[in-house]
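The values are calculated or read from the model by the stated rules, or taken from the named source; none is laboratory data. Keep in mind that this is a model prediction, so the values were computed, not measured. Cβ: placed from backbone, ideal geometry, glycine included. Neighbour counts: every protein chain shown.
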Amino acid sequence: MNLESTYDFAIIGAGAAGMNLALSFANEPFFDNKRILILDSNIGKEVNKKWSFWQQEPFEYPDSIEKQWKFTQFKSENLERRIALNDYTYYTIDASKFLNSAYQSLKTKPQFSFELSEVQEIIEISSGIRIRTSSNEFVASHVFDSRVPEDFFKEHKFTHLKQHFKGWIVETEQAVFDDSSFAMMDFSVNYQNSCSFMYVLPFSANRALLEFTFFNSTLVRDEVYDLAIQNYLEENIECQQYKIIETEQGVIPMSDYPFEKHHLPNVTLIGTAGGWVKPSTGYSFKTSMKFAEAMTQRIIHHQPLNEVPWKKRGRWYDAIFLEVLRQENESGSKLFETMYTRNSIDLIFRFLDEESNLIDELKIILSFPPIPFLKALFRVLFR
């Protein structure tokens, strides 16, 4: 193996996790003299996705921002609220713009190289990890791998729900959307008594993304999503004339599966594969930024890289909540209604970001009906 094919670090996958990790490396002088390889067959290609998140500080890549909001809405059978986000801002960014901006920036850094081919296998060897692609072979001292382990898709005792959705970006002739706020969850739309809702991001008065979203274990046919969005536009928005500009569709795992058991001494899983998706919400972009920075600091300070990214208490809360949704999926609307009625948005965001203290967490826990959660606790304990 020649020197040109040998690297200090390799990042498999140039999505949100891989690129955030690379950008974090690029910001630290420690990595200036390292050799870093990024491998992905889709580097530089268009990605038809929007990523959303909330945070208090301004987003550091403003050119990729599609829209930002200071108000949200929650709607269920018994509640309709417009909620000020206070110190938080909710951002939606264009995935292609963010990834392309990251790629263009990293290409100017001499420590980074790119391999535009698919990784076929990685093998532990005495000098590190051998990486085989469809056209080349490399060795890296340490690999960060975003490929989800096959074992995750097999039957296991852990709760495994799916956040599955389909969205339309529509343009309308009339100004029908209020783009000063977005709809986090609108449970006035529902499919067969499941935990399903409409998520609406208005980018302007004439353009919006509408996603029909499920938190459950069963996928549905495409026409279920399409009909729900069509009916919502016609009945809730009262809009008959519109043009579908783009569609997007996805399935995000909501699971308390212990991804960390697949770490190896010289291989660290990242992104979905590393458990970076918040199990109870499906949000991952902000956590990718957070965990990428934490990983970077661990490398600099020679600390272990294969530790669990989430707090232990947070993992328990997620496991119990997912188990409640699994057993009583029809109660999803009521559970989220309770959360938004009895808690401030600041407290909810702190709790979901795992930046809360024990008093905050007790407030959230005590706002929910105890019986379903106690039953779920025992099922999680004794599964």
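Okay, residues lined up against (1) without any contact (Cβ under 8 Å) to a residue 60 or more places away in the chain; (2) in the same structural domain as residue 365 (by TED's automatic domain parsing); (3) in a loop (DSSP other than H, G, I, E, B); (4) in contact with a Phe, Trp or Tyr (Cβ under 6 Å, 6 or more places away or on another chain):
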position: 276; (1), (2), (3), (4): no, no, yes, yes
position: 279; (1), (2), (3), (4): yes, no, yes, no
position: 290; (1), (2), (3), (4): yes, no, no, no
position: 322; (1), (2), (3), (4): no, yes, no, no
position: 326; (1), (2), (3), (4): no, yes, no, no
*Taking interchain pairs and intrachain pairs at least six residues apart, which have beta carbon atoms under 9 angstrom, with the first residue in the range 29-49 and exposed (fewer than 12 other Cβ atoms within 10 Å of the Cβ) and the second in a loop (DSSP other than H, G, I, E, B)?*
32/109; 32/110; 32/111; 33/111
*Residues being within 20 Å of the chain's Cα centre (by Cα) and of a type in the set (A, V, I, L, M): count how many of those fall in the range 318-346.*
5
*Of the residues 178, 186, 222, which single one is exposed (fewer than 14 other Cβ atoms within 10 Å of the Cβ) and either touching a strand residue (DSSP E or B) at 6+ places or on another chain (Cβ under 7 Å) or in contact (Cβ under 8 Å) with a residue 12 or more places away in the chain (or both)?*
222
*Hey, among 86, 100, which residue is of a type outside the set (Ser, Thr, Tyr) and outside the structural domain of residue 21 (by TED's automatic domain parsing)?*
86
*How about the range 200-217: which of its residues are assigned to a loop (DSSP other than H, G, I, E, B) and out of contact with any strand residue (DSSP E or B) (no Cβ under 6 Å at 6 or more places or on another chain)?*
205
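Filter the range 189-219 down to residues that are surrounded by fewer than 16 Cβ atoms within 10 Å (Cβ to Cβ) and among the aliphatic types (A, V, I, L, M) and give me whichever is farthest from the chain's Cα centre (by Cα).
Looking only at the range 189-219, we keep the residues that are surrounded by fewer than 16 Cβ atoms within 10 Å (Cβ to Cβ), and these are 192-193, 204-205, 217-219.
Those left that are additionally among the aliphatic types (A, V, I, L, M): 205, 219.
On the way: 205: 27, 219: 19 Å.
Applying the filter and picking the extreme gives 205.
Can you tell me which residue is nearest to the chain's Cα centre (by Cα) among those in the range 255-268 that are assigned to a strand (DSSP E or B) and closer than 15 Å to residue 140 by Cβ?
We begin by selecting, within the range 255-268, every residue assigned to a strand (DSSP E or B); these are 255, 264, 267-268.
Imposing the further condition that a residue be closer than 15 Å to residue 140 by Cβ reduces the set to 264, 267-268.
Details: 264: 24, 267: 22, 268: 18 Å.
Going through the qualifying residues, I end up with 268.
Okay, residues lined up against (1) of a type in the set (Val, Ile, Thr); (2) under 13 Å from residue 313 (Cβ atoms):
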position	(1), (2)
327	no, no
333	no, no
337	no, no
340	no, no
348	yes, no
356	no, yes
359	yes, yes
362	no, yes
365	yes, yes
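Can you confirm whether residue 315 is in contact (Cβ under 8 Å) with a residue 60 or more places away in the chain, in a helix (DSSP H, G or I) and not aliphatic (A, V, I, L, M)? Don't jump to the end; show me each part of the working.
Details: in contact (Cβ under 8 Å) with a residue 60 or more places away in the chain: no; in a helix (DSSP H, G or I): yes; not aliphatic (A, V, I, L, M): yes.
It is false that residue 315 is in contact (Cβ under 8 Å) with a residue 60 or more places away in the chain, in a helix (DSSP H, G or I) and not aliphatic (A, V, I, L, M).
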*Would you check if residue 17 is crowded, with 20+ Cβ neighbours inside 10 Å and within 27 Å of residue 185 (Cβ to Cβ)?*
yes
_Among (1) of a type in the set (Phe, Trp, Tyr); (2) crowded, with 19+ Cβ neighbours inside 10 Å; (3) touching a helix residue (DSSP H, G or I) at 6+ places or on another chain (Cβ under 6 Å), there is one condition residue 90 misses while meeting the rest; what is its number?_
(3)
*Mind listing whichever residues of the range 293-312 are among the basic types (Lys, Arg) and assigned to a helix (DSSP H, G or I)?*
298, 312
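Would you pick out the residues in the range 225-247 that are in contact (Cβ under 8 Å) with a residue 12 or more places away in the chain and out of contact with any strand residue (DSSP E or B) (no Cβ under 9 Å at 6 or more places or on another chain)? If you could, list the steps in order and put the result at the bottom.
Just the residues of the range 225-247 that are in contact (Cβ under 8 Å) with a residue 12 or more places away in the chain, to begin with: 225-226, 228-229, 231-233, 236-239, 241-247.
Result: 231, 238.
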*Quick one: residue 107 ticks every box in (1) surrounded by fewer than 20 Cβ atoms within 10 Å (Cβ to Cβ); (2) outside the structural domain of residue 30 (by TED's automatic domain parsing) except a single one, so which number is it?*
(2)
*From 84, 102, 140, which residue is touching a residue at least 60 places away in the same chain (Cβ under 8 Å) and within 22 Å of the chain's Cα centre (by Cα)?*
102
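Just to confirm my filter: which strands (runs of 3 or more DSSP E) fall fully inside the range 108-195 and include at least 3 residues that are within 28 Å of residue 222 (Cα to Cα)? So that I can check it myself, show each step before the final result.
Values: elements: 112-115, 119-125, 128-133, 137-145, 160-172, 182-186.
In the range 108-195, 160-172, 182-186 are the strands (runs of 3 or more DSSP E) which contain 3 or more residues that are within 28 Å of residue 222 (Cα to Cα).
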_Members of the range 29-73 found to be closer than 24 Å to residue 84 by Cβ, over 20 Å from the mean Cα position of the chain (by Cα) and either assigned to a strand (DSSP E or B) or not basic (Lys, Arg) (or both), listed by number_ = 71, 73
